[in-house]
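Structure first, then comments.
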Amino acid sequence: MDQGAALLQWGVVVGASLAAVVSDVRTRSIPNALTIPLLVAGLVWTTWQGGIHALVDAVGGTLLLGFPFVILFLFFGGGAGDAKLMGAIGAWLGWKQGIVALFCVAAVGVVLAIAKAAMKKRLKFVLANVFVSVYTFLVFMLSGRRKQYAENEPASLQNPQQTEELTVPYGVAIFAGVCLAAGYVFLW
């Protein structure tokens, strides 16, 4: 891929994630009107740029970036818009650059969550909740009792008032992580 195509690719991804963060901060949602056309355009653009091989790469990127957020949505109540946005970003970036973006988005998300918890003086609560959640998830998934997980989720996850003050619109992490990934890709 030439430099101009790479700039367009990353420009679209950064611009779309900026639009998503504006929506997420204002309404706490990322609209389908943004994510679905972004996904379709990414698949069409990559196919036009590189044929069937590029389409396979784009689908791989969609699955790679979307899957962790689908899991978060299904088991921990993350946003479905976050999952759709990440999948659409994966369509534009493919799986190789998608790995960089996924790592950067996750790292920024962790930093933002820790900062918010520290500001609210709830860091111990958050760290304990993460430990209990991950432990419970792994025990139920590895023991083959997936259906029972929802019935036995940690008590701290069942009380939305306790965690509501600690939530962060994840579109912020997605935008910052995508910008960080773009910088990394173009500088190195």
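The values are calculated or read from the model by the stated rules, or taken from the named source; none is laboratory data. Just so we're clear, the structure is a prediction, and the values are computed from it rather than from any experiment. Methodologically, a virtual Cβ is constructed for each residue, glycine included, from the backbone with ideal geometry; neighbour enumeration extends over all protein chains shown. Note: areas computed on protein heavy atoms with side chains; ligands, DNA, RNA excluded. Shrake-Rupley method; radii C 1.70, N 1.55, O 1.52, S 1.80 Å.
Is it true that Val25 is at pLDDT below 95, under 14 Å from the mean Cα position of the chain (by Cα) and among the β-branched types (Val, Ile, Thr)? The answer is no for Val25. Looking only at the stretch 5-18, residues that are free of Cβ contacts under 8 Å to residues at least 40 places away in the same chain and either open to solvent by 50 Å² or more (accessible area, probe 1.4 Å) or acidic (Asp, Glu) (or both) come to 2 in all. Looking at the stretch 23-31, can you tell me whether even one residue there is in contact (Cβ under 8 Å) with a residue 12 or more places away in the chain, part of a helix (DSSP H, G or I) and either closer than 17 Å to Ala181 by Cα or open to solvent by less than 50 Å² (accessible area, probe 1.4 Å) (or both)? Yes: the stretch 23-31 contains one or more residues that are in contact (Cβ under 8 Å) with a residue 12 or more places away in the chain, part of a helix (DSSP H, G or I) and either closer than 17 Å to Ala181 by Cα or open to solvent by less than 50 Å² (accessible area, probe 1.4 Å) (or both). Within the stretch 121-153, the set of residues being on the phi > 0 side of the Ramachandran plot and either at pLDDT 70 or above or in contact with a Phe, Trp or Tyr (Cβ under 7 Å, 6 or more places away or on another chain) (or both) comprises just one member, Lys121. In the stretch 55-73, the count of residues that are open to solvent by 50 Å² or more (accessible area, probe 1.4 Å) and modelled with pLDDT under 90 is one or more. If the requirement is being assigned to a helix (DSSP H, G or I), in contact (Cβ under 8 Å) with a residue 40 or more places away in the chain and surrounded by 15 or more Cβ atoms within 10 Å (Cβ to Cβ), which of these qualifies: Thr35, Thr47? From the options Thr35, Thr47, the qualifying one is Thr35. Here Gly77 clears all of (1) touching a residue at least 60 places away in the same chain (Cβ under 8 Å); (2) open to solvent by less than 60 Å² (accessible area, probe 1.4 Å) except the condition numbered (2).
Under the condition of being within 12 Å of the chain's Cα centre (by Cα) and open to solvent by 20 Å² or more (accessible area, probe 1.4 Å), the residues counted in the stretch 83-116 number 8.
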